[in-house]
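Q: Quick one: structure below, then a few questions.
The values are calculated or read from the model by the stated rules, or taken from the named source; none is laboratory data. The structure presented is a predicted model; accordingly, all values stated were derived computationally and were not measured. Here the Cβ is made from the backbone with ideal geometry for all residues, glycine too, and neighbour counts use every protein chain on show. Just the protein is used for accessible areas: all its heavy atoms, side chains included, with ligands, DNA and RNA removed. Shrake-Rupley method; radii C 1.70, N 1.55, O 1.52, S 1.80 Å.
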Amino acid sequence: MEGPDVIAIVGATGTGKSDLALGIAEALRRDGLPAEIVNADAMQLYRGMDIGTAKVPIAARRGVPHRLLDVLDVTDEASVAAYQRDARAAIDALVGAGAPVVLVGGSGLYVSSVLHDLSFPATDPELRAALEREADEHGAAALLERLRALDPAAAAAVDPRNTRRLVRAVEVATNRDPVRPRLPSAPRPWRPMRVLHLQRRREVLVPMLHERAARMFDDGLVDEVAGLVDVGLERGRTARAAIGYAQALDVLHGRSDLEGAVTSTAVATRQYARRQVSWFRRLREAESLDVTGAGHDDLERVAVAVAADRGRGDASEALARIGA
């Protein structure tokens, strides 16, 4: 099998990653290569979380098999270490069978855990449970102060609003494990790969994200969340905090109206998109593709170009030809 083992499609929310990934996989399959897609979006790991994660419906997957979608219950806690293990096992099996892999997603650490030689600290379930109880009883501020005393650099880097990551940071710092789940300055690739970083200019992306947030609620996100509550969504620390799902829970419990939930979701999505852009800009091997002016048909032509020559050059040339 010529070309890289993995073609990774990364970028912020709303940049067209799924469309391009499907187009590439479909074009490869037309050429006789049994390409499959491996998901690298942390929230798409969850069963039933479809509308708010923009999961591609089965009917729209064009017959391309997808791996690592719908593998967790909403009561489970997503773990990047477990994801790395499972994603790499899937990729090993596919590549061993002569199938190129299209890795697609916007969760930066999850993508990098597959593409690069990253290790993760071991977990301490008892310590984590104690820290989670402390967060519930005393709030995130107390944990942040403890983290500042243990590891000032980690405290400066963590998002204090993300209680799950804050708990994990304190757990790691308490155990004095020197390994950090961060992208190193010179990461080593795990397998031969090609990385395409899709970008849209901010003045175009921001209104698209607001429209996307409104469409999620119009499409029935609150009803989806109500169904997930019945199977334990509010017991799941990771799933219940997902963008859109936390806001829909506020609507269900009377803490917000629909208009406020849409606005809050749009703001949170914009903030997340900025973090995504910042992360993926650090991938030195990534080819940056400005898809601001590219529609569905344009991305299809780019996909065909990438599939035809899985080396470098054609994606940028294809975009230049369509004036994207």
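Q: Who wins for biggest fluctuation among Glu126, Glu259, Glu171 in a Gaussian network model of the chain, springs between alpha carbons below 10 Å?
A: The residue that fluctuates most here is Glu126.
Q: Can you tell which of Arg47, Arg270, Arg161 shows the greatest fluctuation in a Gaussian network model of the chain with Cα springs below 10 Å?
A: Arg161
Q: Starting from the Cα of Ala129, step 7 Å along the direction of its Cβ; do the same at Val71; then give the gap between the two resulting points in nm.
A: 2.6
Q: How much of the DSSP bridge set in the chain is antiparallel, in percent, rounded to the nearest 5?
A: Details: 1 of 22 bridges.
So the antiparallel bridges in the chain amount to around 5 percent.
Q: Further, regarding this structure: Keeping all protein chains in place and using 1.4 angstrom, which order do Glu2, Glu77, Glu211, Glu285 fall into by accessible surface area, from largest down?
A: Result of the area sort, largest leading: Glu2, Glu211, Glu77, Glu285.
Q: Additional query: Mean-square fluctuation check for the chain, GNM, Cα pairs under 10 Å: which of Ala266, Ala294, Ala153 is largest?
A: Ala153
Q: Calculate, for the chain, the solvent-accessible area per residue in square angstrom, rolling a 1.4 angstrom probe over the heavy atoms of the protein chains.
A: That works out to 46 Å² per residue.
Q: Could you compute how much accessible surface Leu131 exposes when probed at 1.4 Å, giving the result in Å² to the nearest 10?
A: Result for Leu131: roughly 0 Å² accessible.
Q: Return the carbon/sulfur percentage of the accessible area of the chain, one whole number, probe 1.4 Å, all protein chains in place. Spell out each step's value before the answer.
A: On the way: 7410 of 14870 Å².
After summing per-atom areas, the C and S share lands at 50 percent.
Q: Right, something else. Quick check: pseudo-label points 7 Å beyond the Cα along Cα→Cβ at Glu2 and Val267, how many nm apart are they?
A: Using points 7 Å along Cα→Cβ, the separation is 5.3 nm.
Q: Now, a different point. Could you tell me which label, among (i) 19.9, 58; (ii) 18.7, 55; (iii) 19.8, 65, carries the value of Rg and Dmax of the Cα atoms in Å calculated for this structure?
A: (i)
Q: With each label point set 7 Å from Cα along the Cα-Cβ vector, what nm distance links Arg237 and Ala142?
A: 1.5
Q: Hey, another quick one. Could you compute how much accessible surface Ser288 exposes when probed at 1.4 Å, giving the result in Å² to the nearest 10?
A: 80
Q: Taking the Cα centre as origin and putting +1 on Lys and Arg beta-carbons and -1 on Asp and Glu beta-carbons, what dipole magnitude results for region 17-85, to the nearest 20 debye? Write out the running numbers ahead of the final one.
A: Working: 9 positive and 10 negative charges, 52 e Å.
Roughly 260 debye for region 17-85.
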